[in-house]
Amino acid sequence: MTLNLSVLTPNRIIWDSEVKEIILVTNSGQIGVLPDHAPIATAVDIGILKIRLTPNDGWLTMALMGGFARIGNNEVTILVNDAEKASDIDPQEAQQTLEIAEANLKKAQGKRQTIEANLALRRARTRVEAINGVPS
């Protein structure tokens, strides 16, 4: 049995195919989803989506930038603000973005700038983690 996984942003379809298993980062922690998972709707945090196409495959990774997921009837629909497959992320650009985000956090002044800088840093770290892979 498989799951039909769809990852959608406001502008495009990032993924739409059958998978064997996923690990999704929610606002309350990671959840693993296999066929016949109980139906749920959950908020998706900024983090890594791990996808396994077959039981013998390794994990494919994708950077998710927050949104919502609906799971039920072997269908997983993930609606996010933005998403990138690890294979589509330029490693040099991602590392530069991370360094800029770290510098911006150090020089942030006031509550609003600090919150925005922390959010940018979380996004940048997630992109770098997606490229580097996440241990299973």
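The values are calculated or read from the model by the stated rules, or taken from the named source; none is laboratory data. Bear in mind that the values here come from a model prediction, so they are computed numbers and not experimental data. Virtual Cβ from ideal backbone geometry, glycine too; neighbours counted across all protein chains shown.
Among the conditions (1) free of Cβ contacts under 8 Å to residues at least 60 places away in the same chain; (2) in the same structural domain as Ile22 (by TED's automatic domain parsing); (3) more than 14 Å from Val19 (Cα to Cα), Ala94 misses just one, which is (2).
Would you mind stating whether Ile48 is assigned to a strand (DSSP E or B), free of Cβ contacts under 8 Å to residues at least 12 places away in the same chain and not hydroxyl-bearing (Ser, Thr, Tyr)?
no
Restricting attention to region 1-46, the residues that are in contact with an Asp or Glu (Cβ under 8 Å, 6 or more places away or on another chain) and closer than 22 Å to Leu121 by Cα add up to 4. Filter region 38-91 down to the residues that are in contact with a helix residue (DSSP H, G or I) (Cβ under 7 Å, 6 or more places away or on another chain), buried (at least 21 other Cβ atoms within 10 Å of the Cβ) and among the charged types (D, E, K, R) and list them by number. Across region 38-91, there are no qualifying residues.
Confirm whether Thr77 is within 25 Å of Asn118 (Cα to Cα), part of a strand (DSSP E or B), at pLDDT 95 or above and among the β-branched types (Val, Ile, Thr).
no
Screening Arg112, Arg52, Arg127 for residues that are under 26 Å from Ile40 (Cα atoms) and of a type in the set (D, E, K, R) leaves exactly one candidate, Arg52. With respect to the conditions (1) modelled with pLDDT of 95 or more; (2) in a loop (DSSP other than H, G, I, E, B); (3) loosely packed, with under 13 Cβ neighbours inside 10 Å, Arg112 lacks only one, and its number is (2).
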